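Here the structure is laid out as structure tokens; the discussion comes afterwards.
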Amino acid sequence: MKTTAAVLGGLAVLLAAGLFSLFLGRYPAGVHDLLVFLLTGRYDDPNLPLVITGIRLPRLLAAMAVGGALALSGAAYQGMFRNPMVSPGILGVSSGAGFGAAMAILFSLPAAGVQLFSFAGGLAAVLSAVAISRSIRGGHDPLLVLVLSGIIISSFFGALLSILKYLADPDDKLPAIVYWLMGSLADVRMGDLAVVLPLVAVGAVPLLFSGWRLNVLSFGEDEARSLGVHTGRLRMLVILCATLVDASIISISGIIGWVGLVVPHIARFAVGPDHRRLLPVSFLFGAVFMVLVDNLARSMASVEVPVGIVTAIVGAPFFIVFLKRSQARPWQ
Amino acid sequence: MAVTGGEAVLEVRGADMGYGGKAVLRNVSFSLNQGEILSLLGPNGVGKTTLFKSVMGFIPLLSGSLILGGRDIGRLKPRDIARIAAYVPQSHGTPFPYKVEDVVLFGRTAHLGPLSSPSRQDRMIAAGCLERLGAGHLSGRTFTELSGGERQMVIIARALAQEARFIILDEPTSSLDYGNQVRIIRKLRELRLHSVAVLMSTHHPDHAFMLGSKVLVMKENRQLRCGSPDSVLTGETLHSLYGVEVDVVSFSSGGGPERKVCAPIL
């Protein structure tokens, strides 16, 4: 089966790339020492536990969670909006989060404050977009109104962010904001994951189970309703869950584009359009993609490159080749 | 010849229908029983789609009452409505290349729990419905690659899989070639034997004669007449509807019962 092959292949690459990522870093940890530590928990070098479980392992887990969650929410959004160009940021979650984080940086809040503000900013942006779309009635296509509201909110928060950048001290605050916006996994610690991963799970599980209804929704609003799907309620469920997932993820990673747009396409080519398979496979492929890209970001230059930059630089040509090669046409 | 006198599936009384407080249709009243077919005739833009959307509960009534399957439509959830009425829209757009068997399986949605997927039994029901329409051979094909007539059959099979007592079809024969039009009409006549009620819109008065159904005629956003094709579809009515002269001709082929066809005067 295609699906089985895709899942096994994905898991194999994930295992290999994940293991490899534990060796990456400036601190020299020998292959033998590291394997012994991973398998038995014994170590001679007293710094090993800090380097591995304190820094590299949380980073690996973060990469998996970030890639998986962004790809999952992207796939769910593409299905819900019936549009292949949709990415998780469509309703303004990243602009809101960016604004929130910049505000926290401007107020010199600690890392937890930046995370909290970015999370709140992301939620606030999407909820305002939803509120705007619900206040507009009368014959409009609800999906179109929703997308337009998202665009309005995105550009609004984008402008607010620009104000903050303009006001920020160019010696320390501005670089911090810009660096945060580029996205990075370098500073993620176990404590962050302990807060964020449960939130991601709360959003991701209902999304993973909404596959059948998203399939039905691909026939359009009226047809899905006539088949017994409460389309308004399903849309709200998807939006709230995806927003919870994305806002949590962005709060620890900064803004990482491209994964939520591209990975669902790759997953769709691998396992077909059925969301019952597409959603979990998107999660898996997103995790794989992010671990690979993060490995690259850590090793391609003597200084670490922000991973948000690498996703786009690697992803763009990859996606072009991919589109040229693939014969299947899942969007008609 | 029609199986009539079944239980009422749909009762519309003095209903105004429209969007955002603005009525598109005024004072609509008709009823439909199990085993009956009601053809909806009227020029473009007369409000047929509005009528369908109201009957499916997509838009609320502005006034009057609409009883679907014995219950007021305003009290029914999408899932309840889908268990009573199935909808076959005019064009079937899905951007994804689903298999035909999966498309029919979507008809089972109203019978599933909120987060669950169809079971083996659902698959068997879906396969049986495709078989019943003589379209079992399409099962493994890709829906988006089918011809218009084949797609229409698959969507009707999906409506059957929904196990609804009432099927609504929006111009089921438009964009089909002549042979497929006749095939669809035949299938719809057969549905009556399973005591399914059918409401369909069409631009061909002949289809109403072929179906031997009740006819509802609409003009200028109101209901003109409702009754048997013989009493409603006269040359006079057709002229007032479409603005062209039409002769309604009776004939009998091969000693069968008398039938009527429309012959436009050229």
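Within 10 Å of each Cβ of A:270-281, how many other protein chain Cβ atoms are there on average?
Details: counts 0, 0, 5, 6, 5, 1, 2, 0, 1, 0, 0, 0.
The mean count of partner-chain Cβ atoms within 10 Å per residue comes to 2.
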For B:His239, placing the label point 7 angstrom along Cα-to-beta-carbon and taking region B:183-218, residues whose amide nitrogen sits under 18 Å are B:205
Percent of all Cα-Cα pairs per 10 Å bin for chain B, counting from 0 up to the last occupied bin, reads 7, 29, 35, 22, 7, 1
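Rg/Rh for chain A: what does it come to with C-alpha atoms and Rh from Kirkwood? Mind dumping the intermediate values first?
On the way: Rg = 20.3 Å, Rh = 20.6 Å.
Rg/Rh for chain A comes to 0.99.
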Hydrophobic long helices for chain A, i.e. whole DSSP H runs reaching 30 angstrom or more by Cα along the axis with Kyte-Doolittle mean at least -1.0, come out as A:57-81, A:111-135, A:142-167, A:231-253, A:275-299
Given pairs A:Lys324/B:Lys99; B:Lys22/B:Lys260; B:Lys77/B:Lys214; A:Lys324/B:Lys187; B:Lys48/B:Lys260 and cut-off 32 Å on Cα-Cα distance, the over-length ones are B:Lys22/B:Lys260; A:Lys324/B:Lys187
For B:Cys129, the accessible surface traced by a 1.4 Å probe with all protein chains present amounts, in square angstrom to the nearest 10, to 10 Å²
Extension length gain for B:Arg141 and B:Leu266 (0.36 nm per residue less Cα distance), in nm, is 40.6 nm
Cα-based Rg and Dmax for region A:210-262, in Å, come out at 14.0, 41
On each of the three principal axes the extent of the alpha-carbon atoms of region B:109-206, given in whole Å and largest first, is 43, 30, 22
Between A:Tyr166 and A:Lys324, Cβ-based FRET efficiency (R0 56 Å, step 0.05) works out to 0.85
Once phi for every residue in region B:215-231 is put through the Karplus expression 6.51 cos²θ - 1.76 cosθ + 1.60 (θ = phi - 60°), the whole-Hz ³J(HN,Hα) values, with Gly and Pro written as x, are 10, 10, 10, 10, 8, 6, 6, 9, 7, 8, 8, 9, x, 6, x, 4, 7
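At 222 nm, what helix-only mean residue ellipticity would chain B give, in deg cm²/dmol to the nearest 500, using -39500 (n - 2.57) for each DSSP H run of four or more? Present the calculation step by step, with values, prior to reporting the outcome.
Details: 9 runs with 83 residues, N = 266.
Estimated from H runs of four or more residues: -9000 deg cm²/dmol.
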Among region B:49-72, those whose backbone N falls under 20 Å of a label point 7 Å along Cα→Cβ from B:Arg13 are B:54-57, B:60-72
Listed by chain and number, the residues whose amide H is under 5 Å from that of B:Leu199, excluding neighbours fewer than 5 places away on the same chain and using placed H, are B:Leu38, B:Ile167, B:Ile168, B:Leu169
Over region A:2-326, with neighbouring protein chains present, the accessible area per residue in Å² at probe 1.4 Å is 42 Å²
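With a cut-off of 8 Å between alpha carbons and a minimum separation of six or more residues, what is the relative contact order of region A:2-326 in percent? Spell out each step's value before the answer.
Values: 483 pairs, mean separation 98.9, N = 325.
So the answer I get is 30 percent.
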The extension gain from A:Asp44 to A:Arg137, computed as 0.36 nm times the residue separation minus the Cα-Cα distance, is 26.7 nm
note: region A:91-171, Cα-Cα separations exceeding 22 Å make up a percent value of 30 percent
For A:Leu144 and A:Leu8, extending 7 Å from Cα along the Cα-Cβ vector and measuring point to point gives, in nm, a value of 4.8 nm
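Please report, as a whole percent, how much of the solvent-accessible surface of chain A comes from carbon and sulfur atoms (probe radius 1.4 Å). Provide the component values of the computation, followed by the final result.
Values: 10150 of 14350 Å².
That fraction is 71 percent.
Over 41 Å apart: what share of the alpha carbon pairs of the protein assembly as shown falls there, rounded to a whole percent? The partial results should precede the final answer.
On the way: 67830 of 178503 pairs.
Everything past 41 Å amounts to 38 percent.
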Over chain A, the sum of -39500 (n - 2.57) across DSSP H runs of at least four, divided by residue number and rounded to 500 deg cm²/dmol, gives at 222 nm -24500 deg cm²/dmol
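The values are calculated or read from the model by the stated rules, or taken from the named source; none is laboratory data. This is a predicted model, so every value here is computed, not measured. Ideal geometry is used to build each Cβ from the backbone, glycine not excepted, and the neighbour counts take in all protein chains shown. Keep in mind that these areas ignore ligands, DNA and RNA; they rest on the heavy atoms of the full protein, side chains included. Shrake-Rupley method; radii C 1.70, N 1.55, O 1.52, S 1.80 Å.
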